[in-house]
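The values are calculated or read from the model by the stated rules, or taken from the named source; none is laboratory data. These numbers come from a predicted model, not from an experiment. Neighbour counts are summed over all protein chains in view; Cβ atoms, including those assigned to glycine, are modelled from backbone coordinates with ideal geometry.
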Amino acid sequence: MRNIEKTAPYYHDGSIATLDEAVRQMADHQLAQTLSKEEIGSIVTFLKALTGELPTEYIKEPTLPKSTGQTPPPDKA
């Protein structure tokens, strides 16, 4: 959960723009709970407390290996 504040958008598909909304939806979907704005705020405050220096290796564009004759073709989207 470290640096979750800096990794928006949220969910596997990036469909949630804010941490507040992600917390609200997770409480609803996983716990069948409706949280108050204060409860959501408290959870978000806690999650933000886990924020630290974002390692540059984490945000660096990856270097892919060179293709060879045995490299499979890319997936068609």
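Brief remarks follow.
- Taking (1) surrounded by 10 or more Cβ atoms within 10 Å (Cβ to Cβ); (2) assigned to a loop (DSSP other than H, G, I, E, B); (3) among the acidic types (Asp, Glu) in turn, ASP28 satisfies each apart from (2).
- Test: residue in region 56-67 that is in contact with a helix residue (DSSP H, G or I) (Cβ under 9 Å, 6 or more places away or on another chain) and either of a type outside the set (A, V, I, L, M, F, W, C) or at pLDDT 90 or above (or both): no
- In region 33-55, the residues that are without any contact (Cβ under 8 Å) to a residue 12 or more places away in the chain reach residues that are assigned to a helix (DSSP H, G or I) with C-beta atoms within less than 6 angstrom, at least six apart or across chains, in these pairs: GLN33/ALA27.
- Checking each residue in region 11-25 for being of a type in the set (A, V, I, L, M) and either in contact (Cβ under 8 Å) with a residue 60 or more places away in the chain or in a loop (DSSP other than H, G, I, E, B) (or both) picks out only ALA17.
- Residue in region 64-75 that is exposed (fewer than 14 other Cβ atoms within 10 Å of the Cβ), touching a residue at least 40 places away in the same chain (Cβ under 8 Å) and not in a helix (DSSP H, G or I) present: no
- Output for region 31-48, where each listed residue is surrounded by 10 or more Cβ atoms within 10 Å (Cβ to Cβ) and either under 24 Å from ARG2 (Cβ atoms) or under 21 Å from the mean Cα position of the chain (by Cα) (or both): LEU35, GLU39, ILE40, GLY41, SER42, ILE43, VAL44, PHE46, LEU47, LYS48
- Residues that are closer than 16 Å to LEU50 by Cα and of a type outside the set (Lys, Arg) within region 1-38 comprise MET1, ASN3, ILE4, GLU5, THR7, ALA8, LEU19, ASP20, VAL23, listed in sequence order.
- Within region 1-10, tally of residues that are outside any helix (DSSP H, G or I) and surrounded by 11 or more Cβ atoms within 10 Å (Cβ to Cβ): 6
- Hits in region 49-63 (condition: under 14 Å from the mean Cα position of the chain (by Cα) and either of a type in the set (A, V, I, L, M, F, W, C) or in a loop (DSSP other than H, G, I, E, B) (or both)): LEU50, THR51, LEU54, ILE59
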